[in-house]
Structure formats: structure tokens, C-alpha cells
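Okay, so here's the structure we're looking at.
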Amino acid sequence: MSLSSPLTKRLAIGAVVLAAAGGTGVVLMKKSAAPVAKKPSASVAHVAAASASASSRPASAPNATILPPVPLDVTALTNKAGGKQSLKRRFPFVGGTDPRVAARINNQLFIETFEVLAPAHASDGLGEVTAETWQNRPEIDYKVQRNDGRIFSVVLATEGCGAYCESYNVSYAFDARSGRTLGAEDLLTPEGQAALTKEVKTANLAAIQAEITRLKTEKPKATGTKQQTDAEERAIALRMYEECALQRKAPDFINALQKMQIQPQTVVFSVERCSNHALSALDHVGDFSFRVAVDKLTPWLNDYGHHLLLGKAANFAMPTSAWGQVLRGQLDGKLPVTVRVGTPNADGSVSGVYFYDRFRKPLELSGTLKDHTLTLAETQSKDKQPPRMVLIPQGAGLQGTWEGATKMELTLEP
């Protein structure tokens, strides 16, 4: 949607937003008798609205009409599972004023969920999702949690099947202006991450300890053989919780903030349950959720977090990490590719996937981050020396080479 679209015209005519909007909207200068610079294009105005530079973000310019952030368009893509109406299959497809931002969000959702590139248009549907994928993920639905032009947050409710089937939720949050996938590290100061991690871990351990105490002190209600079975199950559950508590007390337990769900007034951090599937029936604590009101996060937020969550900060630095992001580039400036690189593990191991945009087939990657250099090789290649990428983080992207039968320059950017 361009600046000449009907929606933008309506906003420009009717929406003069006071400074309470926090300077988070797109600024269009009214005509003035004084000479003015050349009017920026739609894409320039979009980038200016999301820039960290104070000079490119006028919070309250004189004689300015400030357009509020515009929510993204969301279309439900469906699949009838070969006519089986009992299976629910709905998946979000995002659209908006900037096709690049929408494509970045859609590719993140499609790659992580189905391991395919997102379709170019909603009308293309879910046709590229394979039958094998649907067999392993028979049902999926979604709910948009927040869509206010600054943050797009969605929860996928899905079912995964292997040796058994199990339902679970996956949450995603995006910067609606850039398409960046958001993590807690993007929104919180280092001190805020440490403080909130401590609070989440403390609350989770308290819930586990309460269950340990219950199992140790509560008298069995059953009698006879059933009492013996109950005692055995209690012993198994007690051992499970005690081992889980030890693991979560360890200093290297760092995933307390990795699962984040952003709602309009609340941020929810989730810690996975102590049990595996076989013991899930004995796990009364289950997946642990820690809810924090958005305004209560204020002391822990960086300027970017203040801007996205509260709409308050006019000047902020954009996050620059490439980990967990969808990036685009070209091999030797000729072959367009789309790459998603995961977040490095504690041991430096990294996984990822990339696609030649022309062929749209996933090529799995695995490798290491060592001495600031990321080396990723194709895992399913039949070549004696599998093709690999050797990359160095550069700002929000990666730069280096693709090395196979030949060597090609590769620059990856959001």
C-alpha cells in the first residue's frame, strides 16, 4: 500500500495525532511558504519513522501531521486436509505498506513452521507445504495478540506428531516497521535481562518446590494396589522435580526469557515443563508462565523497548544481531538466496537453512561460531566437500563467501 492508497489518504486527512502519540507515527510535513526539501518517497518515509537517529525522527515538528502506526493486514490461509473438515488448518499471512517487511515476517513464520519459503501472495495459499509436513503437523491455528503498527505478535497453536502427537503453542513477536523477529534481548537492557531472568527463575523454582513439598507431605488417598501404584508415581514425580530444580538453579540455565509472548498490556515469559511426554501426566506444574504488565517492565527496558512496547522513546538504537533472523542476499550478485540462521548455542554450535529463491527448496545448514567467524555447511549434500558459508557478522547482517565448486561473495542483510 503506497502513500496514495485510500487508507493512507483517510489517515492523512483525519488523523492529526498530538504529542501523546510518542512520535511513533510517520510524519508528513504540511505545505509551508518557506522552501522545503524534496518530499521523501514512501520507502524513505517508512525508514525514517523506524530510524534510531534523532535527526531523522522529528518527535513534534511544527505544522506537522503525524500519522499513527498502521496495523499490518492479516489474511488467514487455510487447508482443508483433503476434505477432512475436522482438522483445523489456519495460518497467518501478513501484508502491509512495505512488501519487504511483510515478506520478512511471512518467511520467518513459514520457514520455522513448515520449512518452506512464504508465498508471494495470499492467493497462493499453503500449496507448497508438503504432505509429509501435514502428516507431522496435522493441525494448526493462530491468534493475533498485538497488532498496533509497532509490534505484530501472534501465537500459533499446533500439533506435532512423531512417535506420538502433542499439542503446543509457539509465540512470535515482530517489529512491525522492520519485520525483525523480537527477543527479550532486543527490548531489555543487560541489567534488565539479568533482573528479569532472576525473577522468572525464582518464581518457577518456587512452583517446583511447592510441588516437591506436596509430594513429600501429602498422604495418599488410595488403598491397596492402587495405593502402591500411587506411591510409585509419586516417587517418579518427586525424582523428576528434584532433578529439574537442580538444573534450573544452575548458573548456565539461560532460557528463562527465550519464550516470550507480547500481548497488548502484558508480556508473558514461559519456561518449558520439567517432564517429557511419557511423564507429562505426572507433571502438575507443566509449562510455567510468568506474566509482567508492560508498564512494570519500564525500569528494565532499553530505548528500543520503550519505543515498541510503550511508544515513548523517540530516539533509539536498532538491534543489530543477525541471530534468529531471516536475511536476504545474492551469490556473486547474481543468485538471490534467503537464509535463516539460528541463535548460537553455548558450545558455539549453530544451525540454519537457506533457499535459492528460484528453486525454493530448503538446504539445511550446520556449523559453528568461533572467533567471530560463522562457518555453516550443507548437512545433506552428497559432495565429498559439502558447500559451506564462511561469514562474519556485519551490523544486522552477515558477510563472507559461499564455497563449493567455486567461491562466491555473499552479503546477507535483513
Between region 244-318 and region 342-405, what's the alpha-carbon centroid distance in Å? 29 Å
Violating pairs (Cα-Cα greater than 22 angstrom) within the set LYS361/LYS382; LYS198/LYS296; LYS80/LYS259; LYS216/LYS259; LYS334/LYS382; LYS259/LYS361: LYS80/LYS259; LYS216/LYS259; LYS334/LYS382; LYS259/LYS361
Note, ³J(HN,Hα) from phi for region 229-237, Karplus 6.51, -1.76, 1.60, rounded to Hz, x at Gly and Pro: 4, 4, 5, 5, 5, 5, 5, 5, 5
Would you grab the residues whose amide H sits under 5 Å from the one on THR368? Only those 5+ places off in sequence or on another chain, please, with H modelled 1.01 Å from N. VAL350, THR375
Hey, can you grab everything whose amide H is under 5 Å from the amide H of ARG89? Only 5+ residues off in sequence or another chain; H modelled, so Pro and N-termini drop out. ASN79, ILE140
Cut-off is 10 Å between beta-carbons; in what order do ARG291, ARG340 appear when sorted fewest neighbours first? ARG291, ARG340
What number, in percent, do you get for the relative contact order of region 73-182 if the mean sequence gap of Cα pairs under 8 Å and at least 6 apart is divided by its residue count? 21 percent
Filtering chymotrypsin sites (Phe, Trp or Tyr not before Pro) in region 153-190 by DSSP loop and by at most 13 other Cβ atoms within 10 Å leaves TYR164
What does the C-alpha gyration tensor say about the overall shape of region 256-414? Classify as rounded when a/c is under 1.5, otherwise prolate if a/b is larger than b/c, or oblate. oblate
For region 338-352, Karplus-derived ³J(HN,Hα) couplings (6.51, -1.76, 1.60; θ = phi - 60°; whole Hz; x for glycine and proline) come out as 10, 10, 10, 10, x, 7, x, 7, 4, 8, x, 6, 9, 10, x
HN-Hα J in Hz across region 279-287 - Karplus 6.51, -1.76, 1.60, θ = phi - 60°, x for Gly and Pro: 9, 4, 5, 8, 9, 7, 7, x, 5
Filter the chymotrypsin sites (Phe, Trp or Tyr not before Pro) in region 300-396 to those in DSSP coil with at most 14 other Cβ atoms within 10 Å of their Cβ, and list the result. PHE359
ILE151 long-range amide H proximity, modeled H, under 5 Å: ALA176
Checked region 186-310 with the C-alpha gyration tensor, a ≥ b ≥ c its square-rooted eigenvalues, rounded below a/c of 1.5, otherwise prolate if a/b is larger than b/c and oblate if not; verdict prolate
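Each value in this text was obtained by applying a stated rule to the coordinates, not by laboratory testing. Because the structure is predicted, anything quoted here is derived from the model rather than measured. For neighbour counting, all protein chains shown are included, and Cβ atoms are generated from backbone atoms with ideal geometry for every residue, glycine included.
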